Amino acid sequence: MRKYHLLAPGPTPVPAQVLEAMARPLMHHRTPDFEALFEEVREGLSWLYQAPGDVITLAASGSGGMEATVANLMSPGDAALVIEGGKFGERWTEICRAYGMNTEVLSVEWGRSVDLGEVKSRLEKGRHRAVFVQASETSTGAKHDVEGLARAAREVSPETLVAVDAITALGVYDLRPSEWGLDAVVTGSQKAMMLPPGLAFVWLSERAWAAAEKARSPRYYFDLLIERKSQRKSTTAWTPAISLVAGLKVALGMMREEGLENIFERHARLARGVRAAMGALGLEIFPADLMSEAVTAVRVPEGIDGKAIPRKMQNEQGVTIAGGQSGLSGKIFRIGHLGYVDESDMLVAVGGVEATLADLGYSLEKGAGLTAAQEVFGK
Ligand SMILES: *Cc1c(COP(=O)(O)O)cnc(C)c1O
């Protein structure tokens, strides 16, 4: 027997209570029972988003929420500015191009956070309909300052909409869509929300909803105006992912019981513990500027086979962490610390990294990482 430990930056572990809710006999969605469930979930989502207004639930992975954002805010040929500092930034670019936007890329070196001065000067030059950014760029572990970005955008180009992929930010650290003046905020079920993949969520500001009324991009399944109309009546336009919504109710209940401040504090504490552990092992954290509380990306030490690290941990210990993507393949490994995870999980990850790196020939003091993490957690 081997116990499985899922410690990737998504998908993340699902609590037993949530699994149990999803395993119950299926209810029909055009029923008062489902409507009551959906109403409760909508209220919980608004709480989680710390924002008034509708959070639209879609049956899709997170990328579906990103696509819905582009399709509903933009018309073909509109100028889009994409902050591209990793794999998920590239996704915004690809979606904007697929929908025929005039897409300008602001390339950020992977692992860095975007320079707000650079954003301002790009926005001053172009008349961008929207700027697209990640709050937390999961592929590198870096954060972008979306609060500052929204402020900067308002200063130089007040008409430009600010669309944020918050898929590993919302429910991880404090993010305030309406207070910060964000216009679209997307998340997905399989990261901080303690659910399996399959749901995407999109919140829009009032002015983004107004833009959606005018936008001429083709859309059908992802028409957020049609969805809003249905969801305000506590139902969905199409068949919802009923079991996932049942699980969502339980997951939101758990989050409300913990409280937003405690949730943010837990993620920050786990991040600090993992980073202290990596430092004690002589390893270097990858992101150079702001680090996301969702994931720790660690540079693979010189001379070590980076691709073997997650593979060996998976095969020999049943611990799933993530490697690097695209250009970072073999160069970093990533430990997820978001969602249904706690200190003990982090000790599993740290212990696994110690054993694996030692096996691969990296010289370290065994137990040093565990001790450092425990010191942080003990405080
Ligand atoms: C996970 C993730 C996504 C969504 O990916 P899906 O596989 O479509 O769910 C998008 N952006 C970021 C930053 C992510 O971490």
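The values are calculated or read from the model by the stated rules, or taken from the named source; none is laboratory data. These numbers were taken from a predicted model, which means no experiment stands behind them. Heads up, the Cβs are rebuilt from the backbone with ideal geometry, glycines too, and the neighbour counts pull from every protein chain shown.
Observations
- Going through (1) at pLDDT below 95; (2) closer than 30 Å to P25 by Cβ one by one, T239 falls short only on (1).
- Test result for L175, of a type outside the set (S, T, N, Q), closer than 19 Å to I263 by Cα and in the same structural domain as P52 (by TED's automatic domain parsing): yes
- Segment 171-214, subset part of a helix (DSSP H, G or I) and hydrophobic (A, V, I, L, M, F, W, C), residue surrounded by the most Cβ atoms within 10 Å (Cβ to Cβ): A208
- Just one of the listed residues (A153, A200) is assigned by TED's automatic domain parsing to the domain that holds E39 and more than 16 Å from the ligand (Cβ to nearest atom), namely A153.
- Residue within segment 70-77 that is touching a Phe, Trp or Tyr at 6+ places or on another chain (Cβ under 6 Å) and within 10 Å of the ligand (Cβ to nearest atom) present: no
- Pairs with Cβ under 6 Å, 6+ apart, first in segment 120-142 and farther than 12 Å from L161 by Cβ and in contact (Cβ under 8 Å) with a residue 12 or more places away in the chain, second within 16 Å of the ligand (Cβ to nearest atom) and acidic (D, E): Q134/D165
- Residue in segment 186-197 that is within 11 Å of T69 (Cβ to Cβ) and away from the ligand (no atom under 16 Å from the Cβ) present: no
- The listed residue being within 14 Å of the ligand (Cβ to nearest atom) and either under 20 Å from the mean Cα position of the chain (by Cα) or in the same structural domain as D174 (by TED's automatic domain parsing) (or both), out of V41, V82, V55: V82
- Lone qualifier among G336, G306 - being at pLDDT 95 or above, closer than 27 Å to R2 by Cα and within 19 Å of the chain's Cα centre (by Cα): G336
- Segment 221-237 - residue that is part of a helix (DSSP H, G or I), farther than 12 Å from N72 by Cβ and not basic (K, R) and, of those, farthest from the chain's Cα centre (by Cα): S230
- In the set (1) in the same structural domain as G44 (by TED's automatic domain parsing); (2) crowded, with 19+ Cβ neighbours inside 10 Å; (3) aromatic (F, W, Y), the condition left unmet by F333 is number (1).
- Taking segment 114-147 as the range and being part of a loop (DSSP other than H, G, I, E, B) and surrounded by fewer than 18 Cβ atoms within 10 Å (Cβ to Cβ) as the test, the residues that pass are D115, G126, R127.
- Residue check, A215 under 20 Å from S61 (Cβ atoms) and either in the same structural domain as M101 (by TED's automatic domain parsing) or within 16 Å of the ligand (Cβ to nearest atom) (or both): no
- Pair list, Cβ < 7 Å and 6+ apart or interchain, from segment 297-324 residues that are on the phi > 0 side of the Ramachandran plot to residues that are modelled with pLDDT under 95: G318/R2; G318/K3
- Counting only strands (runs of 3 or more DSSP E) that fall entirely inside segment 1-113 and contain at least 1 residues that are among the polar types (S, T, N, Q) and in contact with a strand residue (DSSP E or B) (Cβ under 8 Å, 6 or more places away or on another chain), the qualifying elements are 55-59, 102-107.
- One residue from P240, P218 being crowded, with 16+ Cβ neighbours inside 10 Å and part of a loop (DSSP other than H, G, I, E, B): P240
- Test for G247: is it closer than 25 Å to Y49 by Cα and buried (at least 21 other Cβ atoms within 10 Å of the Cβ): yes
- Here segment 314-330 is the region considered, the condition is being of a type outside the set (G, A, S) and closer than 18 Å to V350 by Cα, and the residue that is surrounded by the most Cβ atoms within 10 Å (Cβ to Cβ) is V319.
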